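The structure appears below as C-alpha coordinates.
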Amino acid sequence: MMIIDSQIHAYEANTPKRPWASVPDSPPSATGDEHVAAMDKLGVDGAIFVSSFAMYRYDASYALEVQKKHPGRFAIIKPVSPDDPQVEDVIAEWKKTPRTVGIRLRLPEAQERKHDDPGIDRILRAAVKHDFPVNILFWGNIDVGTKVIDRHPDTRFVIDHLGILQPRTPGTLAAEPWADLPKVVALAKRKNAVIKISGACTLSKEPYPYPDIWDPLAKIFDAWGFERCLWGTDWTRASPVVNYENAVKPFRYTDRLSASERAMLMGGACEKVYRWAPKKG
(Lines give C-alpha, C1' and ligand atoms only; values in the text may rest on other atoms or scores of the structure.)
Protein backbone atom coordinates (compact mmCIF):
# COMPACT_ATOMS: atom_id res chain seq x y z
CA MET A 1 0.00 0.00 0.00
CA MET A 2 1.04 3.62 -0.47
CA ILE A 3 1.78 5.23 2.90
CA ILE A 4 1.38 9.01 3.15
CA ASP A 5 1.95 10.94 6.36
CA SER A 6 -0.71 13.67 6.40
CA GLN A 7 1.34 16.13 8.49
CA ILE A 8 5.03 16.71 9.07
CA HIS A 9 6.96 19.88 9.94
CA ALA A 10 10.56 19.88 8.73
CA TYR A 11 12.92 22.70 9.66
CA GLU A 12 16.60 23.51 9.54
CA ALA A 13 18.85 24.66 12.37
CA ASN A 14 18.23 28.06 13.92
CA THR A 15 20.61 30.40 12.09
CA PRO A 16 20.68 34.10 11.11
CA LYS A 17 19.95 33.00 7.53
CA ARG A 18 16.51 31.71 8.52
CA PRO A 19 15.96 32.42 12.24
CA TRP A 20 13.27 30.67 14.21
CA ALA A 21 10.34 32.75 15.41
CA SER A 22 10.28 30.70 18.62
CA VAL A 23 12.35 27.93 20.17
CA PRO A 24 10.08 24.99 21.05
CA ASP A 25 11.17 21.81 22.80
CA SER A 26 12.28 20.17 19.56
CA PRO A 27 15.51 18.71 18.14
CA PRO A 28 18.14 21.23 16.94
CA SER A 29 17.12 20.39 13.39
CA ALA A 30 14.77 18.10 11.51
CA THR A 31 15.64 18.81 7.91
CA GLY A 32 13.98 17.55 4.78
CA ASP A 33 16.89 15.17 4.24
CA GLU A 34 16.46 13.79 7.75
CA HIS A 35 12.75 13.31 7.14
CA VAL A 36 13.37 11.42 3.91
CA ALA A 37 15.91 9.14 5.60
CA ALA A 38 13.47 8.35 8.42
CA MET A 39 10.61 7.80 5.98
CA ASP A 40 12.73 5.42 3.91
CA LYS A 41 13.66 3.43 7.00
CA LEU A 42 10.01 2.94 7.97
CA GLY A 43 8.49 2.50 4.50
CA VAL A 44 6.65 5.84 4.38
CA ASP A 45 6.33 6.85 0.73
CA GLY A 46 5.56 10.55 1.10
CA ALA A 47 4.22 13.27 3.34
CA ILE A 48 2.24 16.48 3.42
CA PHE A 49 4.76 19.07 4.55
CA VAL A 50 3.00 21.81 6.52
CA SER A 51 5.36 24.75 6.86
CA SER A 52 6.23 25.12 10.55
CA PHE A 53 4.37 28.03 12.13
CA ALA A 54 6.35 27.71 15.38
CA MET A 55 9.63 28.27 13.57
CA TYR A 56 8.74 30.30 10.48
CA ARG A 57 5.29 31.83 11.00
CA TYR A 58 3.93 32.62 7.50
CA ASP A 59 7.24 32.20 5.66
CA ALA A 60 7.05 28.95 3.68
CA SER A 61 10.43 29.35 1.96
CA TYR A 62 12.01 26.35 3.68
CA ALA A 63 9.13 24.11 2.67
CA LEU A 64 9.60 25.26 -0.92
CA GLU A 65 13.32 24.54 -0.69
CA VAL A 66 12.79 21.02 0.62
CA GLN A 67 10.05 20.22 -1.85
CA LYS A 68 12.25 21.33 -4.75
CA LYS A 69 15.03 19.02 -3.55
CA HIS A 70 12.64 16.07 -3.01
CA PRO A 71 9.87 16.72 -5.55
CA GLY A 72 8.32 13.26 -5.37
CA ARG A 73 8.23 12.93 -1.61
CA PHE A 74 6.46 16.04 -0.32
CA ALA A 75 3.42 18.10 -1.12
CA ILE A 76 3.36 21.42 0.71
CA ILE A 77 0.92 23.56 2.69
CA LYS A 78 1.34 27.17 3.79
CA PRO A 79 -0.14 28.85 6.88
CA VAL A 80 -1.99 32.08 6.03
CA SER A 81 -2.95 34.97 8.28
CA PRO A 82 -6.49 36.30 8.87
CA ASP A 83 -4.85 39.62 9.78
CA ASP A 84 -3.24 40.03 6.35
CA PRO A 85 -5.42 42.35 4.22
CA GLN A 86 -3.73 40.92 1.11
CA VAL A 87 -4.29 37.29 2.08
CA GLU A 88 -6.44 36.63 -1.00
CA ASP A 89 -3.50 37.62 -3.23
CA VAL A 90 -1.18 35.43 -1.16
CA ILE A 91 -3.46 32.42 -1.71
CA ALA A 92 -3.79 33.16 -5.43
CA GLU A 93 0.01 33.25 -5.75
CA TRP A 94 0.42 30.09 -3.67
CA LYS A 95 -1.90 28.28 -6.06
CA LYS A 96 0.65 28.82 -8.82
CA THR A 97 3.39 27.02 -6.88
CA PRO A 98 4.04 23.44 -8.05
CA ARG A 99 2.85 20.64 -5.76
CA THR A 100 1.08 22.91 -3.32
CA VAL A 101 -2.04 21.19 -2.07
CA GLY A 102 -3.64 23.53 0.45
CA ILE A 103 -3.43 26.28 3.03
CA ARG A 104 -3.59 26.29 6.81
CA LEU A 105 -5.72 28.36 9.17
CA ARG A 106 -4.85 28.37 12.87
CA LEU A 107 -7.60 29.14 15.38
CA PRO A 108 -6.23 28.31 18.83
CA GLU A 109 -8.26 29.55 21.76
CA ALA A 110 -5.56 32.05 22.71
CA GLN A 111 -6.33 34.10 19.59
CA GLU A 112 -9.83 34.81 20.91
CA ARG A 113 -10.93 35.10 17.29
CA LYS A 114 -14.65 34.96 16.47
CA HIS A 115 -16.04 32.51 13.96
CA ASP A 116 -17.29 35.36 11.76
CA ASP A 117 -13.99 37.25 11.72
CA PRO A 118 -13.70 39.07 8.34
CA GLY A 119 -10.16 37.76 7.87
CA ILE A 120 -11.35 34.17 8.18
CA ASP A 121 -14.09 34.86 5.66
CA ARG A 122 -11.53 36.27 3.19
CA ILE A 123 -9.34 33.19 3.51
CA LEU A 124 -12.14 30.70 3.10
CA ARG A 125 -13.70 32.48 0.11
CA ALA A 126 -10.29 32.49 -1.58
CA ALA A 127 -9.81 28.80 -0.78
CA VAL A 128 -13.04 27.97 -2.58
CA LYS A 129 -12.11 30.17 -5.52
CA HIS A 130 -8.74 28.46 -5.92
CA ASP A 131 -9.97 24.97 -5.02
CA PHE A 132 -7.73 24.57 -1.98
CA PRO A 133 -8.59 22.42 1.02
CA VAL A 134 -8.09 24.32 4.28
CA ASN A 135 -6.21 22.63 7.08
CA ILE A 136 -7.78 24.06 10.20
CA LEU A 137 -6.36 23.89 13.73
CA PHE A 138 -8.85 24.53 16.52
CA TRP A 139 -7.83 22.12 19.27
CA GLY A 140 -9.00 23.46 22.60
CA ASN A 141 -11.37 25.72 20.66
CA ILE A 142 -13.64 23.20 19.01
CA ASP A 143 -16.88 25.17 19.40
CA VAL A 144 -15.52 28.11 17.40
CA GLY A 145 -14.03 25.74 14.82
CA THR A 146 -17.38 24.03 14.38
CA LYS A 147 -19.09 27.39 13.79
CA VAL A 148 -16.48 28.26 11.14
CA ILE A 149 -17.12 24.99 9.30
CA ASP A 150 -20.88 25.52 9.45
CA ARG A 151 -20.52 29.12 8.22
CA HIS A 152 -18.62 27.99 5.10
CA PRO A 153 -20.35 24.88 3.72
CA ASP A 154 -18.64 25.23 0.32
CA THR A 155 -15.13 25.09 1.78
CA ARG A 156 -13.24 21.81 2.03
CA PHE A 157 -11.85 21.50 5.57
CA VAL A 158 -9.17 19.16 6.91
CA ILE A 159 -9.33 19.18 10.72
CA ASP A 160 -5.86 19.04 12.26
CA HIS A 161 -4.88 16.63 15.04
CA LEU A 162 -8.28 15.02 15.72
CA GLY A 163 -9.57 18.43 16.82
CA ILE A 164 -8.25 17.50 20.28
CA LEU A 165 -5.64 19.45 22.25
CA GLN A 166 -2.42 17.46 22.41
CA PRO A 167 0.70 17.80 24.60
CA ARG A 168 3.90 19.03 23.02
CA THR A 169 6.15 18.32 26.02
CA PRO A 170 6.38 15.22 28.24
CA GLY A 171 4.31 15.20 31.40
CA THR A 172 1.68 17.67 30.20
CA LEU A 173 -1.05 15.27 29.07
CA ALA A 174 -4.48 16.38 30.30
CA ALA A 175 -6.18 14.29 32.98
CA GLU A 176 -8.97 13.58 30.46
CA PRO A 177 -7.20 13.82 27.09
CA TRP A 178 -10.26 12.63 25.13
CA ALA A 179 -12.75 14.97 26.81
CA ASP A 180 -13.70 16.58 23.47
CA LEU A 181 -14.28 13.23 21.76
CA PRO A 182 -18.12 13.59 21.71
CA LYS A 183 -17.78 16.93 19.89
CA VAL A 184 -15.34 15.39 17.41
CA VAL A 185 -17.79 12.56 16.73
CA ALA A 186 -20.61 15.08 16.22
CA LEU A 187 -18.46 17.00 13.72
CA ALA A 188 -18.61 14.00 11.40
CA LYS A 189 -22.03 15.19 10.26
CA ARG A 190 -20.32 18.03 8.37
CA LYS A 191 -19.82 16.56 4.92
CA ASN A 192 -17.43 19.36 3.89
CA ALA A 193 -14.85 18.18 6.44
CA VAL A 194 -12.38 15.33 6.88
CA ILE A 195 -10.17 14.73 9.90
CA LYS A 196 -6.49 14.04 10.48
CA ILE A 197 -5.67 11.19 12.81
CA SER A 198 -2.40 12.97 13.51
CA GLY A 199 -0.51 13.05 16.78
CA ALA A 200 -2.87 10.43 18.20
CA CYS A 201 -0.13 8.58 20.10
CA THR A 202 0.59 11.69 22.17
CA LEU A 203 -2.85 11.25 23.78
CA SER A 204 -1.94 7.89 25.32
CA LYS A 205 -1.47 7.40 29.06
CA GLU A 206 0.33 4.11 28.40
CA PRO A 207 3.79 3.42 26.94
CA TYR A 208 4.45 2.25 23.38
CA PRO A 209 2.56 0.80 21.53
CA TYR A 210 -0.11 3.02 23.19
CA PRO A 211 -2.95 0.48 23.40
CA ASP A 212 -5.40 2.90 25.04
CA ILE A 213 -5.78 5.06 21.90
CA TRP A 214 -7.75 2.46 19.96
CA ASP A 215 -11.13 2.57 21.69
CA PRO A 216 -11.45 6.38 21.30
CA LEU A 217 -10.16 6.17 17.73
CA ALA A 218 -12.71 3.47 16.93
CA LYS A 219 -15.50 5.93 17.75
CA ILE A 220 -13.97 8.45 15.33
CA PHE A 221 -13.55 5.83 12.59
CA ASP A 222 -17.15 4.70 13.03
CA ALA A 223 -18.49 8.27 12.82
CA TRP A 224 -16.29 9.63 10.05
CA GLY A 225 -15.53 6.52 7.98
CA PHE A 226 -11.99 5.59 6.99
CA GLU A 227 -12.29 7.43 3.67
CA ARG A 228 -12.49 10.68 5.69
CA CYS A 229 -9.66 9.90 8.16
CA LEU A 230 -6.04 10.79 7.34
CA TRP A 231 -3.28 9.23 9.44
CA GLY A 232 -0.28 11.38 10.31
CA THR A 233 2.58 11.60 12.81
CA ASP A 234 2.82 15.37 13.33
CA TRP A 235 6.57 14.98 13.36
CA THR A 236 8.27 17.16 14.61
CA ARG A 237 5.73 18.96 16.82
CA ALA A 238 5.02 15.66 18.56
CA SER A 239 8.63 14.47 18.71
CA PRO A 240 9.34 15.46 22.35
CA VAL A 241 6.48 13.15 23.38
CA VAL A 242 6.48 10.42 20.70
CA ASN A 243 9.33 9.81 18.28
CA TYR A 244 8.73 9.23 14.59
CA GLU A 245 9.21 5.47 14.60
CA ASN A 246 6.80 5.03 17.51
CA ALA A 247 4.22 7.19 15.75
CA VAL A 248 4.32 5.00 12.62
CA LYS A 249 4.55 1.44 13.91
CA PRO A 250 1.40 1.29 16.06
CA PHE A 251 -0.71 1.97 12.96
CA ARG A 252 1.26 -0.27 10.63
CA TYR A 253 1.12 -3.31 12.88
CA THR A 254 -2.03 -3.09 15.00
CA ASP A 255 -4.60 -5.87 14.72
CA ARG A 256 -7.36 -3.28 15.27
CA LEU A 257 -7.29 -2.40 11.56
CA SER A 258 -8.03 -4.62 8.57
CA ALA A 259 -5.73 -4.44 5.55
CA SER A 260 -8.24 -2.33 3.62
CA GLU A 261 -8.83 0.01 6.58
CA ARG A 262 -5.10 0.48 7.06
CA ALA A 263 -4.57 1.22 3.37
CA MET A 264 -7.27 3.89 3.37
CA LEU A 265 -6.23 5.43 6.71
CA MET A 266 -2.49 5.51 6.00
CA GLY A 267 -2.59 6.75 2.43
CA GLY A 268 -5.75 6.34 0.40
CA ALA A 269 -7.79 9.05 2.10
CA CYS A 270 -4.88 11.49 2.06
CA GLU A 271 -4.30 10.97 -1.66
CA LYS A 272 -8.00 11.55 -2.34
CA VAL A 273 -8.28 14.73 -0.24
CA TYR A 274 -5.13 16.43 -1.52
CA ARG A 275 -5.23 14.96 -5.03
CA TRP A 276 -1.56 14.10 -4.74
CA ALA A 277 0.51 10.93 -4.48
CA PRO A 278 4.24 10.57 -3.86
CA LYS A 279 6.66 9.32 -6.48
CA LYS A 280 9.86 7.81 -5.16
CA GLY A 281 12.77 8.44 -7.52
Selection status of Val66, among the β-branched types (Val, Ile, Thr), farther than 30 Å from Val185 by Cβ, modelled with pLDDT of 95 or more and not in a loop (DSSP other than H, G, I, E, B)
yes
Please work out if Leu265 is within 30 Å of Ser29 (Cβ to Cβ) and in a helix (DSSP H, G or I).
yes
For region 111-151, what are the residues that are at positive phi and either more than 18 Å from the chain's Cα centre (by Cα) or without any contact (Cβ under 8 Å) to a residue 24 or more places away in the chain (or both)?
Glu112, Asp131
Identity of the residue in region 1-36, among the hydroxyl-bearing types (Ser, Thr, Tyr) and assigned to a strand (DSSP E or B), that ends up farthest from Lys249 (Cα to Cα)
Thr15
Any residue at all in region 88-110 that is free of Cβ contacts under 8 Å to residues at least 24 places away in the same chain and closer than 30 Å to Leu173 by Cβ?
yes
Pull out all pairs, ordered by first then second residue, where Cβ-Cβ is under 6 Å, the residues are six or more apart or on different chains, the first lies in region 243-267 and is surrounded by fewer than 22 Cβ atoms within 10 Å (Cβ to Cβ), and the second is not hydrophobic (A, V, I, L, M, F, W, C).
Asn246/Tyr208; Pro250/Pro209; Pro250/Tyr210
Qualifying residue in region 75-91 (condition: in a loop (DSSP other than H, G, I, E, B), under 22 Å from Ile195 (Cα atoms) and among the basic types (Lys, Arg)):
no
Residue within region 228-242 that is surrounded by fewer than 23 Cβ atoms within 10 Å (Cβ to Cβ), in a helix (DSSP H, G or I) and of a type outside the set (D, E, K, R) present
no
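The values are calculated or read from the model by the stated rules, or taken from the named source; none is laboratory data. Remember, predicted model here, so these are calculated numbers, not experimental data. FYI the Cβ positions are ideal-geometry reconstructions off the backbone, even for glycines, and counts take in every protein chain you see.
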